[in-house]
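Structure, as structure tokens:
The values are calculated or read from the model by the stated rules, or taken from the named source; none is laboratory data. Remember, it's a predicted structure, so these values are computed and weren't measured experimentally. All Cβ positions, even for glycine, are placed from backbone atoms using ideal geometry, and neighbour counts span all protein chains on display.
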Amino acid sequence: MHFVWVALRWLISLALTLLGLVVVTFAMTRLSPVDPATQMVGSHASASSYQAAREALGLDQPLPIQFLHYLRMAASGDFGQSISTGQPVASDIARTFPATLELATVAIIMGAALGLCLGIFAAMRPGGVFDAVARLISLVGYSVPIFWLGLLMLLLFYARLHWAPGPGRLDVLFQYTVPARTGFVLLDTWLSGKPGAFRDALAHLALPATVLMFYALAGIARLTRALVLTELGQEYALTAYAKGAAVHRVVFVHVLPNIAGQLITICALAYASLLEGAVLTETVFAWPGIGRYLTTAMFAGDMPAILGGTIVIGASFVLLNTLTDLAVGRTARGRA
Amino acid sequence: MAEPLLRIEDLTISFPSRQGQGAVVRSVSFEVGAEIVAVVGESGSGKSLTGRAIMGLLPPRAETTAKTLSFEGRDLTRLAAAHWRALRGSAIALILQDPKYSLNPSMRVGRQVEETLLLHTSLSARERREKALAMLSRVGFDDPQRVHASYPRELSGGMGQRAMIAAMLINKPSLLIADEATSALDHDLQVQILELLGGLTRELGMGLLLISHDLQQVARFADRVLVMRQGTIVDRLAASELADATHPYTLALWNARPSGVTYGTRLPTVADEMEP
């Protein structure tokens, strides 16, 4: 009974947050100076065709009706036609979002693993050699512009050493022969069974994922180090030392279970920021992701595309947050 | 007299500061045998740092020098890290002020009591559990099974401190350092815990270093009293002689406590008493 109640509360709060998101995006369309009807027919259209476009878009209806209409559209995933690509926004997003999701997921897995290790081991011997190296790495990751790093890596691995393949997610050879079943190239090429296709996809992913990983790692390592150091100064850590425990035992057995929730949150936040903001990396590596799609749409004043993209990214944020909260509740500190 | 349990000669602890080295403990010397020695002083007098130095648990910035710092005849001034770890929790143990902070909040109490065994013995999980349960009932729990399975937040302050004592004494160390071990508890519990500590100390034949700011409180349980002020020992006397103490600072500490006589009046502070 208790479980049902908890699940219900989660669902209600999730639904309310999503509703809030839809309200904000709806307000965006109505407050923005861009008139969707003009966008559709052009500024030289006759009064009658302008009127027809207004009616087709439902702009002549009262606002509450428009909002309900919009809500129905958003719920069914139908965001209308993109003005710049001429295709349904839903299919554009279905194409670009998995590309970003794949890149961000690979990057966060590597970044979290490395960042946590760097932070934890740096905190074990503050002021030591490893700590200095870890701090240098995260300082560079924090302060170096991500596009510059990407360009440098392209210059080195693509132009000079010819180790990395060209831009995009797949070689032209495979682009039209590998059927897109999931939208995730790594999975699609694996499923296709074509020799070399999976390796090609992996090679394409390597550079942009590394750049993004570096960015995620920097923040994760710094926060992890600070958290572990703070906990090591707590009295329960001193007690563990007084029992004769070595520093690795104090950290892994005593400290980490107590900060697991915070570490999960840190990684989830880094993941969210990768999902939303890989625009620069996507541009440098010609990665056809949603960051680039949205940026292009914004410059073109392509309202349906902007709204669709915003809602999808917003919804994944909300979902990620909910999952994080659930995971944090499962940690030792959360239960204890 | 045979070699005492703990022998400290000229212990000095300093922290590097902008003005150079700032000594917070200055040439402190004392010995502890199988007895209860109270180290009393205001906060900042260096009594806690002295306790930590005996455990080798001073912050890395601290610089420690001592002519002698020996425990059971072993020279602690040049002990390797692994030997320190072998000593802590098995021969020397430490109890801190507040179990709310000194017990790990996300680990069951039983596991925390057993950890000391895990680190220093090769007992099986079952033997560890049996010993932990026996130890828990020895420190006064009627339901050791339940306490063993509890999280620290499920215990009250007094119960938490009992669990802490169980965790620290389960290996029968020869010296226990109790650093303000009762200061976070209310008066009746303080007496109970001190009585428990005193009883176990005599039973196990170990030494107890009772670090406290409350002279009157510990005087009833200690054999000897060392009074510390600003990093040095200013007075040392047997607990039975406290009533006839002559050192002004000892007297000041002795009087800085409410009683029937002081009711309704402003209590003298140490600063008042030290005025010429």
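Worth pointing out:
- Reported count of residues in region B:137-160, each being away from chain A (no Cβ under 14 Å) and charged (D, E, K, R), is 4.
- When region B:244-276 is filtered for residues that are at pLDDT 80 or above and surrounded by fewer than 10 Cβ atoms within 10 Å (Cβ to Cβ), the ones remaining, listed by number, are B:ASP244, B:THR246.
- Filtering region B:1-43 to residues that are outside any strand (DSSP E or B) and hydrophobic (A, V, I, L, M, F, W, C) leaves B:MET1, B:ALA2, B:LEU5, B:ALA34.
- When A:PHE317, A:PHE299, A:PHE285 are checked against the criterion of being of a type in the set (Phe, Trp, Tyr) and either within 14 Å of chain B (Cβ to nearest Cβ) or under 24 Å from A:SER13 (Cβ atoms) (or both), a single residue qualifies: A:PHE317.
- Looking only at residues of region A:222-238 that are more than 11 Å from chain B (Cβ to nearest Cβ) and charged (D, E, K, R), we find that the one that is farthest from the chain's Cα centre (by Cα) is A:ARG225.
- Complete set of residues in region A:1-58 that are surrounded by 15 or more Cβ atoms within 10 Å (Cβ to Cβ) and basic (Lys, Arg): A:ARG54
- Residue under evaluation B:ILE54, criteria (1) more than 20 Å from B:MET206 (Cβ to Cβ); (2) in contact (Cβ under 8 Å) with a residue 40 or more places away in the chain; (3) out of contact with any Lys or Arg (no Cβ under 9 Å at 6 or more places or on another chain), criterion not met: (1)
- Taken over region B:160-196, residues that are in a helix (DSSP H, G or I) and in contact (Cβ under 8 Å) with a residue 60 or more places away in the chain amount to 7.
- Residue within region B:26-48 that is within 11 Å of chain A (Cβ to nearest Cβ), under 21 Å from B:SER183 (Cα atoms) and touching a helix residue (DSSP H, G or I) at 6+ places or on another chain (Cβ under 7 Å) present: no
- The set of residues from region A:239-277 being away from chain B (no Cβ under 14 Å) and among the hydroxyl-bearing types (Ser, Thr, Tyr) comprises A:THR265, A:TYR271, A:SER273.
- Any chance B:ASN171 is polar (S, T, N, Q), over 30 Å from A:ALA260 (Cα atoms) and crowded, with 17+ Cβ neighbours inside 10 Å: yes
- Count - residues of region B:227-243 that are in contact with a Phe, Trp or Tyr (Cβ under 6 Å, 6 or more places away or on another chain) and either crowded, with 20+ Cβ neighbours inside 10 Å or at positive phi (or both): 1
- Some residue of region A:253-270 being part of a helix (DSSP H, G or I), under 30 Å from A:ASP171 (Cα atoms), touching a residue at least 24 places away in the same chain (Cβ under 8 Å) and among the small types (Gly, Ala, Ser): yes
- Annotation note: of A:ALA240, A:ALA245, the sole residue that is of a type in the set (A, V, I, L, M), part of a loop (DSSP other than H, G, I, E, B) and within 30 Å of B:ARG52 (Cα to Cα) is A:ALA245.
- Members of region B:96-122 that are within 7 Å of another protein chain (Cβ to nearest Cβ), surrounded by 23 or more Cβ atoms within 10 Å (Cβ to Cβ) and of a type in the set (A, V, I, L, M, F, W, C): B:LEU96, B:LEU103
So that you can scan it fast, the table gives a plain yes or no per residue for (1) in the same structural domain as A:ALA27 (by TED's automatic domain parsing); (2) buried (at least 20 other Cβ atoms within 10 Å of the Cβ); (3) in a helix (DSSP H, G or I):
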| position | (1), (2), (3) |
| --- | --- |
| A:GLU282 | no, yes, yes |
| A:TRP287 | no, yes, no |
| A:GLY291 | no, yes, yes |
| A:THR296 | no, no, yes |
| A:ALA305 | no, yes, yes |
| A:GLY309 | no, yes, yes |
| A:ALA315 | no, no, yes |
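- Qualifying positions in region B:197-228 - within 21 Å of B:GLY160 (Cα to Cα) and assigned to a strand (DSSP E or B): B:LEU208, B:LEU209, B:LEU210, B:ILE211, B:SER212
- Taken residue by residue, region B:66-80 has at least one member that is outside any strand (DSSP E or B), on the phi > 0 side of the Ramachandran plot and away from chain A (no Cβ under 14 Å).
- If the condition is being hydrophobic (A, V, I, L, M, F, W, C) and surrounded by fewer than 17 Cβ atoms within 10 Å (Cβ to Cβ), then region B:34-56 contributes only B:ALA34.
- Matching entry among B:ALA134, B:ALA86, B:ALA163, B:ALA125 (being under 24 Å from B:LEU204 (Cβ atoms) and away from chain A (no Cβ under 13 Å)): B:ALA134
- Residue count for region A:71-104, restricted to those that are surrounded by fewer than 17 Cβ atoms within 10 Å (Cβ to Cβ), closer than 18 Å to A:GLY289 by Cβ and touching a residue at least 60 places away in the same chain (Cβ under 8 Å): 2
- Inclusion of B:LEU196 among residues that are within 23 Å of B:LEU6 (Cα to Cα) and within 14 Å of chain A (Cβ to nearest Cβ) is not warranted.
- In region B:139-159, the qualifying residues are those that are surrounded by fewer than 19 Cβ atoms within 10 Å (Cβ to Cβ) and not in a loop (DSSP other than H, G, I, E, B), and the one that is nearest to the chain's Cα centre (by Cα) is B:GLY157.
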